[in-house]
Structures are given as C-alpha cells and as structure tokens.
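Below is one structure, written out as structure tokens; the observations come after it.
Since every read-out is calculated from the coordinates, none of them should be taken as a lab result. Values in this document were obtained by computation on a predicted structure and should not be read as measured data. Because the Cβ atoms are built from the backbone with ideal geometry, glycine has one as well, and the counts that use them run over all protein chains shown.
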Amino acid sequence: MTIQRNPKTFRRKAGSAFAAALLTTATITPALAEDKDDIVIGYAAAVTGALAPYDSPDGVQCRIDQINDAGGVLGGRKLKLELRDMKSDSALSATVGQELLDMGAAAILSPPTDDTSIPIATLAAATSTPVLSVGGTQPAFPLAMPTNGYLVPYGDNASASAAAQYAWSQGMKTAVLMISHDVGSYSLMTPEYFADAFEHLGGKVLGRINYNSGLSDYSAQIAEIQAMDPKPDMIFGGLIVPEAGVLPRQLDAAGLDIPVYSTDGPDDPGVLEISGKGGKLLHFVTHGFPAEGSPLAEFYADCEKRGYKVQNIFFGLGGDAVTVLADAIENAKSAEPAKVNAAIKELDGIEGITTDSITYKDRKGIPLKGMSVMEIKDGKFSMIEPIKPDYVAAP
Amino acid sequence: MGLVSATLLRSLAPICLLIAIAGLVMSIGEPYQIRVAYIFFINLTAVFALQIYMGGTGHASFGHAAFQGIAAYSVAILMTPLALKRLLIPDAPFGLAAVHLGAVPSILIALVLTGVIAYIVGLAISRLGGVAAEIATLAFLVIVHVIFTNWIELFRGPRAFYGIPSISNLYWGLGAAIIALLIAKLFRDSPYGVQLRAASDNLLAARAMGVPVERLRLLAWTLSGIVMGMAGILLATYLGTIAPSSFYFNQTFLIMAMLLLGGMRSVSGALCGTLVISIGSELTRSLESGPVIAGIDLPAMFGLTGFFLGAIIVLVMSFRREGLLGGEEFEDLFRQWKLKRKSAADETSADAPAKQEA
C-alpha cells in the first residue's frame, strides 16, 4: 500500500516546526550562576565520541563539590562547573571553548588530545586564560601553547622514562618497540621516549615492530619477535585496550616468557579479562593506584558516597585538575584568568589526589608527578612500587 | 536569458538567505555563535560540493572528506610560518620545510593540487558505476587517511598540525558558500549537468543519445573535489589546527546526512538539509547542558544531539525518501505554487459567471 501525502501540508508543518525551533532557541538561557561571586570553571569535555573514556566530568564535579562543601576558595567563594560536550570533534571543541570564554571562565579544562586542546588554548591566549588538558599525556599540547597550555597528567615522556627506569632495575638490557600510528602520538612517540631513556641508562633497542591498534590477533608481530636473534629481554609499546591484553595473552600462549611494558593505556579493567593467564607478563606505569588509605582511595570512596560512579583513573585526574586550579586561585588571591595562569606556573609540590606531589614550576606546562608501577596479580591490578624518574626524555 | 544570468537570478533567494544569516549572527550573535555560523558555512560548502557529484551521478561518495583534508594540509604546509615549520616538520620532503607563501598563492596552489589529485583519481572512479564506484570512493578516503597518518615527515602523522595563520572570518565562510552554491547550480542546470542526471536516471538511453557519461562523471568529480577543497581551506584557516581525524568518517557521514536529508538531487535541498541539521544540532546541544527554559531548570542530557540526528534521518528516510525538497529547487517549488494559485483562481473565476447565469 502506498501512503499518499500532501507535500504542501508537509512543507507547512515543516515550516511551523522550524519557526518553533527558532523561537525555542531564542528563549533558552544557560543555567544562571546562583551567585555572581561564583568562580566559573569551564570544561570542554569529550562526554560522547571516541575520546569519552579519557575525560571525567564526574571526577571534576565531585572535587568541586568537596571544595565547595569545605567552604569554597578565597574565603567563601564557590566554584561552579560549566560543562559542555565537544563530542570528540576539534571544530566543535573550539566553538565550545569560545562559549566557555564568553561565560567568563576563570580557567578551562580541555579534552585529551592536542588537536582538540590547541584550538581552545589559542582562543584563550588573548585573555591569558589557562587551559588544562584533564586526560592528555601528549607533551605536544603545552609545547605548542607555552603561555597557557598545561597537562594535568604527567607527559608520555615522563611515564616512558619511568618505565625504562623500572625495566632497567629489573635487569632488562634489550628491548623491542611496538610502534603504531593509530592512537595519536601516544602509540607513536611514547616508545621513542622509552628508547631515549632506556639507552640513556645503557639499554639497547633491538628493533621496532609495526602494528595496528584494536585488533584481536597479533600473531604476526609475535612471530617476528620469535624469529629475532638474540631475543629481546622485554617489549615496550604505547598500548591500549584491547592490544594491551591480547599481546601478553598471545605471547603466553606461544610460550614466550617476554615481559610487556607500557604506560597508562592498559589501566582499564577490560585488560584483566582480555589478558587472561598472559596478564602476568604485563607491567605498566600509571598515574596512581587507589591503595588502602591513599588520597585516591579516599577520594573514590567519598565520591561514591556522594552518588558518583568511578569509571577509571581519569576520574582521579579530574579531581587533580580542580585541585590544581583551586590551589592556583588561592595563591593568586584572585580568580582573574591571567593571575590564575601565572599562579599555576609557580605551583611547586602541591598534594594531589592521584599522587602526593604535583609540580608545574619550571616544567613548561608538563607537571612533574609521582607515578605507580603496576602489575596484574590474581586477576587484579596491584601496585609494585611508586616511582619518579631520575632522567626524563626530552618531549 | 543565458545560463549564467538565469542561474544568478535563480540563486538570488538562497544567497539573500545566507547573507541574512551571516548579517544576523554578526550583529546580534555572541562570539561562540559566530563560530557556530562559521562551521555551518564550512559544512554548507562541503555539502554543495558533495551535491555536485552525488546529485549529478546518483552515486554516493564516501571519499569527499579526503579532498577537504588534502586542501587543508596543503595550505597548512605552505602558509605556516617557517620558524614553527622547522619545529613541526623539519624533515619535510621536497624542501617544503623552507617554503613559506602568502595566503592567496597558498590557497590557489591548494585548490589546483586538490583539483589535479581529484582528476587523477577520477580517471579510475568515473569508469565505474553503482556500488563499485561507491566502494572506490570509500577506498580513496581510507588511502588518503593512511597517508596522512603515516607520512610523518610531511603531515606529522596522527599528531595535530598547528600554527596555521587563522586569517579567515565569517565573511570568508559566507563568500565560499555562495561561490559553492553558484558552481553547484551552474553545473546542475548546464547541459553537462542535465546530461549527467539523465544518465543517472537511465544509463543506456543516455549513452544511446550520445551522452559521454564517463567524461561527465570525471568533470563532476573533479569540480566537486575542488569545491570540497574550499571547505578544507576554510577549516584550516579558521581553527589554525588540523589533524587527520578531522577528515575521516565523522565528517563524511555528517555531510552525507545533511545532503540526503535535504534531497541530493537539488542544490536547494542541500541548503535545507544543512540548515535543518545545523540548527537542530545547535538547539539540542544547548539543551544538553541543562539550561533554564521559562524558569524550569532542565537536567543535563548529554548525547541528545546524536539522538536528534539519528531520529531526524530515520524519520525523513522513512517518510520522504527523496529528501525534504524531493529533488526540487526553490524556483521549481515557487513555480508549482504559482501554477496552483493560478489554477485555483481560474476555477473560482470560471465558477463565478456560471453562478451569475444561474
């Protein structure tokens, strides 16, 4: 049966809907600040899209709630979060950044990649408004925007150097690097930072093997490693889920007892299941571990009590971002963007949530932070030791 | 009336609409709304480009975002200041690390280069028909993306290429969209466009009438590639930062949804589809963050934009498969409306004397 529709009626209806939409747009106003004394923190977050796992609006909001409940900053002024979804898109990221600047944000928290953060920091540079990437570990962002671009986590160069230091202390002398172009500079540059630090310590890189991220079979790469003579003591890569689980699992199945090292990519509960028995081969350096009694564990517990759901370590980094801003605002004795920006550059050894010490002073926007070396034990993540690299590869 | 003057006359209404949008946003819009309008003009230019090829040949193209990327990276490599380029791409081949050109030559070279690449790729694609042509455009997109992410010395790989001088403003966007509109309309109404559309309706009949189908497909592909390049240049010179991910599947599906929604056979449809999706996305985006409407504080509803886009596409495809305008241009609709009014008036005037006689 064919349904006949009158095109005229359809167009008239469409016209009315369009006019109604325009009218509604005109009547929408952003939620007004309850008090004009509130200090607006803008957050251009990847709430949806491919980057969503690496941002944490809940972690940021929970830390803001904690600070406000404890009396706020500057003698009673409250922090207020203005959250906008940039949908993992660089053009929308700039639009959202401008929207937050228009609202008079004292600082802006930005998405985890350089191509989504740089446009925001470029716009914010005119008012020297600081822009902090909550989940970004790529040093490229603060290097491109030295006046107002910051990372909240350590840079990949620092974590790779820490991994090299730990590997060397475990007697690893030779390594093979896993290189991929699929996960931004994380999978491309992190192995090179590792190589720099590893060779600085006296280690030797035997070769580089290309792979594609996201596959369920890495037997070709494993065959290549198997055929190497001499065999490497270890494998290093900027791995993420699933390869961070698949690679050790297949290595174990192939009877190769070669440990796999990485940085924060494997810090996801999915790895525990995927890696199976091969999990014992995986070691990685990450932002922090919620050990009993640690500030991170306390933060998680308090936030869960407040009704937030802790997803991954980026929840803690969201908390760190707000801590950094609150400390900078207190030190600047002002919420003026340029003064907050100047104060961040002077932060030295403040206590964070994922780590006991965060330093921005003389660090060119890439903070010096304590990290944790992790392994998988009895099907759970377990911390081996805290670590701070003595030598950090140049970004 | 000649083709050019007739096209200009027919394009007057949509051009006035675009100028009105730009004027309204510039006079009362907040700075971020100006950015929203700029992105609208970039997407509109891209959708017009896609319409030239898809509207003419009837083939879907998944590869056009690649042209946007090629032009964007070309201006980025040519226009970025030398000091920054030494940091970003110190080992660029062909001595490009030491080349710095002004805006006009960079843009012209980018458009010519995009046109040449489109022509070469088009030599293969224009010989294919139906699904084979569509798969080939998809393959082209993937190949260009792989080159962007792997030729690190030239494109910085998956990392962002930043520091491109942000020289364009909303008027650039408006100008590019108007040029794209005129090119798309000129091509559609030209003998080439008419022949190509005829070939997409009935290939055998068109060939029998002597229509050089392959040559016309190649022309449409190359022309739309160059217009798509304009959209890429707009993006690079406004954001100042580009990365391969900006020219891949997300962009492909967005502009395709805009075109299909409006109706791919008409340029006016392309404009309507882009308008509806842009306004709808911005409206739902402003609802997402939990605003206050008429005193009611709404909850945050992130993901609403995706839901809106999906819902509107499903609805239109279910109830109006030919798109909102059904392949008609504004002037066709106006003519139909006038004819209907005239016939209604004729009917009433014919009725009146009959009544008098009675």
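Where in segment A:166-258 are there GluC sites (Glu not before Pro) that are in a DSSP coil and have at most 12 other Cβ atoms within 10 angstrom of their Cβ? Here no GluC sites (Glu not before Pro) fit, given the DSSP loop and packing criteria.
For segment B:3-245, what does the relative contact order come out to in percent, with C-alpha contacts under 8 Å and a separation of six or more? In percent, rounded to a whole number, it is 39.
Cα gyration tensor of chain A, axes a ≥ b ≥ c as square roots of the eigenvalues: rounded (a/c below 1.5), prolate (a/b > b/c) or oblate?
oblate
Summing Cβ point charges (Lys, Arg +1; Asp, Glu -1) relative to the Cα centre of the protein assembly as shown gives a dipole of roughly 2920 debye. Comparing B:GLY295, B:GLY29, B:GLY303 in a Gaussian network model of chain B, where Cα atoms under 10 Å apart are tied by springs, the biggest mean-square fluctuation is seen for B:GLY295.
When you restrict to C-alpha pairs under 8 Å that are six or more residues apart and normalise by the size of chain A, the relative contact order lands at 17 percent. By the beta carbon rule, with partners counted only under 4.7 Å, the protein assembly as shown holds these lone Cys residues: B:CYS16, B:CYS272. Assuming a ≥ b ≥ c are the square roots of the Cα gyration tensor eigenvalues, decide whether segment A:204-363 counts as rounded (a/c under 1.5), prolate (otherwise, with a/b larger than b/c) or oblate. In terms of gyration-tensor shape, prolate. Angle between the Cα long axis of helix B:191-201 and the longest principal axis of chain B, 0 to 90 degrees, nearest 10? Orientation of helix B:191-201: about 80 degrees from the principal axis. Using alpha-carbon positions, what is the distance between the centroids of segment A:39-101 and segment A:131-201, in Å? Using only Cα atoms to place each centre, the spacing works out to 26 Å. Using only the alpha-carbon atoms, how far is helix A:57-69 inclined from the longest principal axis of chain A? Give it as 0 to 90 degrees, nearest 10. Between helix and principal axis, roughly 70 degrees.
Principal-axis analysis of the Cα atoms of chain A puts helix A:295-305 at an angle of about 40° to the longest axis. GNM remark for chain A: springs join alpha carbons under 10 Å apart, and the peak mean-square fluctuation among A:TYR150, A:TYR218, A:TYR43 falls on A:TYR218.
Ordering A:VAL40, A:GLY288, B:ALA199 by the projection of their Cα atoms onto the charge dipole of the protein assembly as shown, which places +1 on the Cβ of Lys and Arg and -1 on the Cβ of Asp and Glu, puts B:ALA199 at the extreme positive end. Computed over the alpha-carbon pairs of segment B:3-245, the distance histogram in 10 Å steps reads 8, 29, 32, 22, 8, 1 percent, short to long. One equal scatterer on each Cα of the protein assembly as shown, no solvent, Debye formula: the resulting log10 I(q)/I(0) at q = 0.05, 0.06, 0.08 Å⁻¹ is -0.29, -0.41, -0.71.
Phi angles across segment B:104-110 convert, under the Karplus curve 6.51 cos²θ - 1.76 cosθ + 1.60 with θ = phi - 60°, into 3J(HN,Hα) values of 5, x, 4, 5, 5, 4, 4 Hz, Gly and Pro given as x. Rounded, prolate or oblate: which one fits segment B:234-288, using the alpha carbon gyration tensor with axes a ≥ b ≥ c (rounded when a/c is under 1.5, else prolate when a/b beats b/c, else oblate)? In terms of gyration-tensor shape, oblate. Which of A:THR95, A:THR355, A:THR113 moves the most in a Gaussian network model of chain A with Cα springs under 10 Å? The residue that fluctuates most here is A:THR95.
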